[in-house]
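The values are calculated or read from the model by the stated rules, or taken from the named source; none is laboratory data. Keep in mind the model is a prediction, meaning the values are calculated, not measured. No Cβ is skipped: glycine too gets one built from the backbone with ideal geometry, and neighbour counts run over all protein chains shown. Please note that ligands, DNA and RNA were not included when accessible areas were found on the heavy atoms of the full protein model with its side chains. Shrake-Rupley method; radii C 1.70, N 1.55, O 1.52, S 1.80 Å.
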Amino acid sequence: LRFGRLEITGQERMREQRIRKIAGLPEGETFSETELRRAETRLRRTGIFSSVALTEDEQVTAPDLLGITATVVEQKPRRYSVGVEVASLDGVSLTASWLHRNLLGGGERLGLGAEVTNIGSGLSGIDYGLEATLDRPATLTPDTTAGLVLGYKHLDEIDYALDSVTFGLKFSHVFSETLTARVGLTYDYLDGSDPGGDFTFRNLSLPFGVTWD
C-alpha cells in the first residue's frame, strides 16, 4: 500500500495546507508506520495542538492508496505570564511575556518578552530589556523551523552603562529523535560608556549547536 491523501478534522484557526506541510506525510510513497508516527510528532512539536492523532482509513482506495485522517485539537492561541522577584541586595525584578501560538494561521509563534530589574537596588541603576521572537515550523523542510529575533537591552551597572540592539535569523532542524542541529546569523550593536569614555561595538556572529539526546 501507498500513502493516500491526508484528511484533516478538528482544526479551527490552522490552515489545512499548513497542517499538511508540517506533517510532511509522503503521499504516494510506500506506507510506513514509522513515517506516520513522525508526522504525528511534527504536528505535536509545534505546540499548537493539545491532541494529535493520525489514523488509517478502514478501506483502501483503488488501486493501492491508504488514506490517513489527522484529528487535531487546538490549544488556546495565547498565553500570558508575569513574574515578580524581590531580593534584599538586587531590589525588585519584574518580568512579563506574551505568546501567540498561531499568529497567521500557519503555525507561526510570536513571542514578546519584557523585563525590568534592579529596581531599588543600591548597587546599580535600573536595567530593562525587550525581546520579540517569531518562529515558523516547516520552513524549507517539514523538520526545519525558522526563527527571527529582535531585542533591545539597557544596562546601568556600577562601572558602565550600555544600550544594545540584537537582530538574528536562526534555523533548527530535527534529523532524528536523538539528533537536532541549529544554526543562525546574529548582528549586535552595542553603544555604551565607562570611566574610559564612550565605546561602540558591532558584532556579527554565527551561532551553531548540535544536541544529541
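List, please: which pairs have Cβ atoms under 9 Å, are six or more places apart or on different chains, and start with a residue in the stretch 78-102 that is more than 30 Å from R18 (Cα to Cα) and surrounded by fewer than 11 Cβ atoms within 10 Å (Cβ to Cβ) and end with one that is among the charged types (D, E, K, R) and modelled with pLDDT of 95 or more?
From residues that are more than 30 Å from R18 (Cα to Cα) and surrounded by fewer than 11 Cβ atoms within 10 Å (Cβ to Cβ), the pairs are G83/E115.
Of a type in the set (V, I, T) and more than 20 Å from T41 (Cα to Cα): which single residue out of T145, T61 fits that description?
Working: T145 fails: more than 20 Å from T41 (Cα to Cα).
Residue meeting the stated conditions: T61.
Which of the residues that make up the stretch 164-196 are free of Cβ contacts under 8 Å to residues at least 40 places away in the same chain and hydrophobic (A, V, I, L, M, F, W, C)?
Correct list: V165, F167, L169, F171, F175, L179, A181, V183, L185, L190.
In the stretch 185-198, what residues are open to solvent by 50 Å² or more (accessible area, probe 1.4 Å) and at pLDDT 95 or above? Lay out the reasoning, then the answer.
Here is the first cut: in the stretch 185-198, the residues open to solvent by 50 Å² or more (accessible area, probe 1.4 Å) are 185, 187, 189, 191, 194-196, 198.
Of everything in the stretch 185-198, those that are open to solvent by 50 Å² or more (accessible area, probe 1.4 Å) and at pLDDT 95 or above turn out to be L185, Y187, Y189, D191, D198.
Out of curiosity, is V52 in contact with a strand residue (DSSP E or B) (Cβ under 9 Å, 6 or more places away or on another chain), surrounded by 16 or more Cβ atoms within 10 Å (Cβ to Cβ) and free of Cβ contacts under 8 Å to residues at least 24 places away in the same chain? Don't jump to the end; show me each part of the working.
Working: in contact with a strand residue (DSSP E or B) (Cβ under 9 Å, 6 or more places away or on another chain): yes; surrounded by 16 or more Cβ atoms within 10 Å (Cβ to Cβ): yes; free of Cβ contacts under 8 Å to residues at least 24 places away in the same chain: yes.
Yes: the conditions hold for V52.
Of all residues in the stretch 157-177, how many are crowded, with 17+ Cβ neighbours inside 10 Å and not small (G, A, S)?
So the answer is 4.
In the stretch 14-58, how many are within 20 Å of the chain's Cα centre (by Cα) and assigned to a loop (DSSP other than H, G, I, E, B)?
Looking only at that region, the number is 6.
Go through (1) within 30 Å of V116 (Cβ to Cβ); (2) in contact with a helix residue (DSSP H, G or I) (Cβ under 7 Å, 6 or more places away or on another chain); (3) among the hydrophobic types (A, V, I, L, M, F, W, C) and name the single condition V86 misses.
(2) is the only condition that V86 fails.
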